[in-house]
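Participant: The following block contains the structure, expressed as structure tokens.
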Amino acid sequence: MTSVAWTNIGELSTADPSLGEGALGVLRDAAIVAVDGVISWVGPSSSCPAADEAHDMAGRAVLPGFVDAHMHPVFAGDRAAEFDARMTGTPYTAGGIRTTVAATRAASDADLARNAARLAAEAARQGTTTLEAKSGYGLTVRDEQRSLVAARTVTDETTFLGAHVVPVEYADRPDDYVELVCGEMLDACAPHAKWADVFIERGAFDRDQARAILEAARAKGLGLRVHANQLTQGEGVRLGVELGAASVDHCTNLGDEDIEALAGSGTVATLVPGAEFSTRSAYAPARRLWDAGVTVAIASDCNPGSSYTTSMPLMIALAVREMGLSPAQAVWAATAGGAASLRRDDIGVLAPGRRADLIALDAPSHVHLAYRPGVPLVTDVWRSADRLPSAV
Ligand SMILES: [Zn+2]
């Protein structure tokens, strides 16, 4: 049994409103103790129990590690040229995915795992202690399966996204591709995945195709997530809610009926402001969702086409500046919200019984994450009380 204490925390954001002030449950002059990687005590620093190992936080802010519930870290190549073109006036279309599909199919298993590990390490240096990783750039039975094997090397939160886009060889017969995804591809991928996801969009998959894929995945025991309402106000959000998806992601174009459906459901709205930032698009209505009582998460959507960033601090800054969340709400969405999106009750909150996944800032308050955008404030990261290599 090993105990670790963090003392003299100037501002502790627990992300549990019942433990302290405001949406983030903030405590001041606080301490945390963990035993064997799990939090056993949270309270005033002055009455902190003794521990085998102690870290004096010297008045800095401590938060839960970020939970990035939407990433696509398994791919090869990059699309800097496409980004450059888009920033000079070419509109974004989903077709750009096909460039990455060709590079991913040509890459070795080792290259795919290496790229995923590089991005996971990059995310960890910025405070991400749990991430979700999707397949979706293979789009053949073999390439989707090996993408998930690569994803498993960086996380247990792996998602089968064979229905990312219809590959070019099926362009004239998309229903045959849907049949492949629901059958042989799902059979090969389900053992390596916790979740299944479908990109519901004009140019990707329609409601009926998505329903067939999601129902087949559910029958195989996978949890459901969807890419919904990104480019157009389609039926993705309502389908996700109807099927009991854990999360509907993007939610950029929503009608009142979509927000009502989400508010009365157990489905989380996972917003990905990096995609809107990098495609120069309007942002999702985060504040409206929050005020309607929807559980909101924010995630990086790290992918080479529309959001090539792993930075949860940047997502927090965008959620505050561009989407109307308060700093406390944005940090909650990046921690407890991400955990809810993954249906996890062991992470995302700093309270007894939760995993000791926490980060320290070179700042006195969580507010600085939005107040000082682009500054590497995360100095220390612990997962299960083990210190990870950090940025500073
Ligand atoms: Zn995505």
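The values are calculated or read from the model by the stated rules, or taken from the named source; none is laboratory data. Predicted model, so just to flag it, every value in this text is computed and none were measured. All Cβ positions, even for glycine, are placed from backbone atoms using ideal geometry, and neighbour counts span all protein chains on display.
Participant: Which count do you get for residues in segment 129-148 that are more than 14 Å from V181 (Cα to Cα) and either out of contact with any strand residue (DSSP E or B) (no Cβ under 9 Å at 6 or more places or on another chain) or within 16 Å of the ligand (Cβ to nearest atom) (or both)?
Facilitator: Total meeting the criteria: 7.
Participant: Which one is farthest from the ligand (Cβ to nearest atom) among residues in segment 266-278 that are within 20 Å of L325 (Cβ to Cβ) and surrounded by fewer than 24 Cβ atoms within 10 Å (Cβ to Cβ)?
Facilitator: F277
Participant: Would you call V101 under 20 Å from the mean Cα position of the chain (by Cα), assigned by TED's automatic domain parsing to the domain that holds A334 and touching a residue at least 40 places away in the same chain (Cβ under 8 Å)?
Facilitator: Details: under 20 Å from the mean Cα position of the chain (by Cα): no; assigned by TED's automatic domain parsing to the domain that holds A334: yes; touching a residue at least 40 places away in the same chain (Cβ under 8 Å): yes.
When the stated conditions are applied, V101 does not pass them.
Participant: Hey, another quick one. Pull out all pairs, ordered by first then second residue, where Cβ-Cβ is under 6 Å, the residues are six or more apart or on different chains, the first lies in segment 13-36 and is free of Cβ contacts under 8 Å to residues at least 60 places away in the same chain, and the second is aromatic (F, W, Y).
Facilitator: V33/W41
Participant: With the requirement that a residue be surrounded by 17 or more Cβ atoms within 10 Å (Cβ to Cβ) and polar (S, T, N, Q), what does segment 366-392 give you?
Facilitator: S390 - this is the single residue of segment 366-392 that is surrounded by 17 or more Cβ atoms within 10 Å (Cβ to Cβ) and polar (S, T, N, Q).
Participant: Going through segment 33-77 one residue at a time, which ones are touching a Phe, Trp or Tyr at 6+ places or on another chain (Cβ under 9 Å) and loosely packed, with under 15 Cβ neighbours inside 10 Å?
Facilitator: Within segment 33-77, P49, D56 meet the criteria.
Participant: Identify the residue in segment 188-211 that is touching a residue at least 12 places away in the same chain (Cβ under 8 Å) and over 19 Å from G240 (Cα atoms) and, among all such residues, is nearest to the ligand (Cβ to nearest atom).
Facilitator: Restricting to residues being touching a residue at least 12 places away in the same chain (Cβ under 8 Å) and over 19 Å from G240 (Cα atoms), the top hit is C189.
Participant: Residues being part of a loop (DSSP other than H, G, I, E, B) and touching an Asp or Glu at 6+ places or on another chain (Cβ under 7 Å): count how many of those fall in segment 131-174. Working first, answer last.
Facilitator: Start the filter on segment 131-174 by keeping residues that are part of a loop (DSSP other than H, G, I, E, B), which leaves 135-140, 153-156, 164-167, 171-173.
Next, only the ones that are touching an Asp or Glu at 6+ places or on another chain (Cβ under 7 Å) stay: 135, 138, 155.
Adding up the residues that qualify gives 3.
Participant: Which of the numbered conditions does S341 fail, given that it passes all the others? Conditions: (1) away from the ligand (no atom under 16 Å from the Cβ); (2) modelled with pLDDT of 95 or more.
Facilitator: S341 satisfies all of (1) away from the ligand (no atom under 16 Å from the Cβ); (2) modelled with pLDDT of 95 or more except (1).
Participant: Please note which strands (runs of 3 or more DSSP E) are completely contained in segment 47-130 and include at least 3 residues that are under 20 Å from T159 (Cβ atoms).
Facilitator: Here the list reads 66-68.
Participant: Only one of (1) closer than 12 Å to V67 by Cβ; (2) charged (D, E, K, R); (3) in the same structural domain as A269 (by TED's automatic domain parsing) fails for R383. Which number is that?
Facilitator: (3)
Participant: Identify, by number, the condition in (1) within 16 Å of the ligand (Cβ to nearest atom); (2) touching a residue at least 60 places away in the same chain (Cβ under 8 Å) that V248 doesn't meet.
Facilitator: So the condition that V248 fails would be (2).
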